[in-house]
Every structure is written in C-alpha cells, then in structure tokens.
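The values are calculated or read from the model by the stated rules, or taken from the named source; none is laboratory data. Note that this is a predicted model, so its numbers are computed, not measured. FYI the Cβ positions are ideal-geometry reconstructions off the backbone, even for glycines, and counts take in every protein chain you see.
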Amino acid sequence: MANLLKKMVSEPSFEIRGQYVNQIEDLEHKNDDLTHKIFTELSRNFITPFDREDIHYLASAMDDVADYIFASAKKINFYRVDPLHESFGKMADLIVQACESIKIAVAELKDMKNMRQITDALVRVNSIENQADDIFDLSIERLFATENDAKEVIKKREIYQVMEIATDKCEDAANVIESIIVKYA
C-alpha cells in the first residue's frame, strides 16, 4: 500500500491516481480481512507464539498503518490536490521506508535470532517518524506562507496530517514490537 501511495503522489494524471486509490482500497480491505482472521484465530488457539494481547496490539497497530495510508490516498484524490508540487512525495517516501522497516522487524519476530536487525529496524522507524514530523512542520509553514486560497490550505493541511499520522502509526507498531522483544528476548 505504501509503495502504491508513493507511485500515486508522483502521478500527474488524476485518472491514474484514481486507479491507485482503488488498488490501495482493495489492499486495505484484504488487510482488514487478515486482521479479523488474526483476531478470530487468537480466540481459537490455545498456544500462540507471543501473548495474545501482544499479537492483538501488533495486528491493530499494523491495521492502523494501512488505514492511514488509504486515508491519505483517498484525501489526495477526493480533494483533487495535485501532489506533485508539494512535499507529499517526501512524506510518501518516509511512509514506505517506515513500512519496510516494520516488515523487517516483524519477519525477524518468528525466531528472534537476529535481534540486532530487529532493533535497527525499530530505531529506523523512530528516526523516520521524527523526519516526518519535521517535513510536516516545514510543509505547513510553507503552505501558510505561500498559499492564498484558504480552501487549498485546509485540504493540503489535512492531507499532510493524515500522512504524518501514518508514520506515527508505524512508530506505534514499532513500539509494540519493542515490547515483544523485551518480554521474549
């Protein structure tokens, strides 16, 4: 989903951006189904690799990331904002990087043999979230300094907020992973 969002914000055609939104929406629905399946399996299985609560928190955190990626894509298209001329590309790139780091950390949870790789990925997520905060602040400052149309300010500010929240949600997922490794490492 993050990679599609990144492609979307570099696409000049509104129609093609709409196709990306549809693809992201399909993936978001698949993610919802997987999250629901995880919750169902948690109630059925007696033995789990981690505490049920930790699995639930991690699945919920990752679902939140997907929700905010989808919300970002929807808002860009719904508001008909041209994402090429703003910092949307930088934010989308940070979302991709954070998601890739979460993917690495989650993959390593299965055997926890490479703790260094997990902790490095979690540190990257934290750094990426800080970068996103900085880009958000600078983008809002620039937006208020250069945009004279109040409607455009409102639309773009809302998109920046949702994209920044996506990175916050990646950090939340990283925090859950960190609590898991503290318990089990």
(request) Please name all residue pairs, on different chains or six or more residues apart, with Cβ atoms under 7 Å, provided the first residue is in region 138-149 and is assigned to a helix (DSSP H, G or I) and the second residue is charged (D, E, K, R). (result) 139/86; 140/157; 143/156; 143/157
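Taking the conditions exactly as written (under 30 Å from residue 135 (Cβ atoms) and under 18 Å from the mean Cα position of the chain (by Cα)), does residue 88 satisfy them or not?
yes
Condition check ((1) among the hydroxyl-bearing types (Ser, Thr, Tyr); (2) buried (at least 20 other Cβ atoms within 10 Å of the Cβ)) across all residues:
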{"site": "12", "(1), (2)": "no, no"}
{"site": "16", "(1), (2)": "no, no"}
{"site": "23", "(1), (2)": "no, no"}
{"site": "26", "(1), (2)": "no, no"}
{"site": "35", "(1), (2)": "yes, no"}
{"site": "50", "(1), (2)": "no, no"}
{"site": "67", "(1), (2)": "no, no"}
{"site": "78", "(1), (2)": "no, no"}
{"site": "92", "(1), (2)": "no, yes"}
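Would it be correct to say that residue 113 is among the charged types (D, E, K, R), surrounded by fewer than 20 Cβ atoms within 10 Å (Cβ to Cβ) and within 26 Å of residue 20 (Cβ to Cβ)? Outline the logic, then answer.
Values: among the charged types (D, E, K, R): yes; surrounded by fewer than 20 Cβ atoms within 10 Å (Cβ to Cβ): yes; within 26 Å of residue 20 (Cβ to Cβ): no.
So residue 113 does not fit the description; no.
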(request) State which residue is nearest to residue 21 (Cα to Cα) when the search covers only region 98-109 and only residues that are crowded, with 20+ Cβ neighbours inside 10 Å and under 14 Å from the mean Cα position of the chain (by Cα). (result) 99
(request) Could you check how many residues of region 1-56 are basic (Lys, Arg) and modelled with pLDDT under 90? (result) 2
(request) Please give the number of the condition residue 147 fails out of (1) over 17 Å from residue 54 (Cβ atoms); (2) under 21 Å from the mean Cα position of the chain (by Cα); (3) at pLDDT below 95. (result) (2)
(message) Filter region 149-175 down to the residues that are out of contact with any helix residue (DSSP H, G or I) (no Cβ under 7 Å at 6 or more places or on another chain) and either buried (at least 23 other Cβ atoms within 10 Å of the Cβ) or not β-branched (Val, Ile, Thr) (or both) and list them by number.
(response) 149, 150, 151, 152, 155, 161, 175
(request) Among the residues of region 45-63, write down those that are free of Cβ contacts under 8 Å to residues at least 24 places away in the same chain and within 18 Å of residue 182 (Cα to Cα). (result) 48, 52, 53, 55, 56
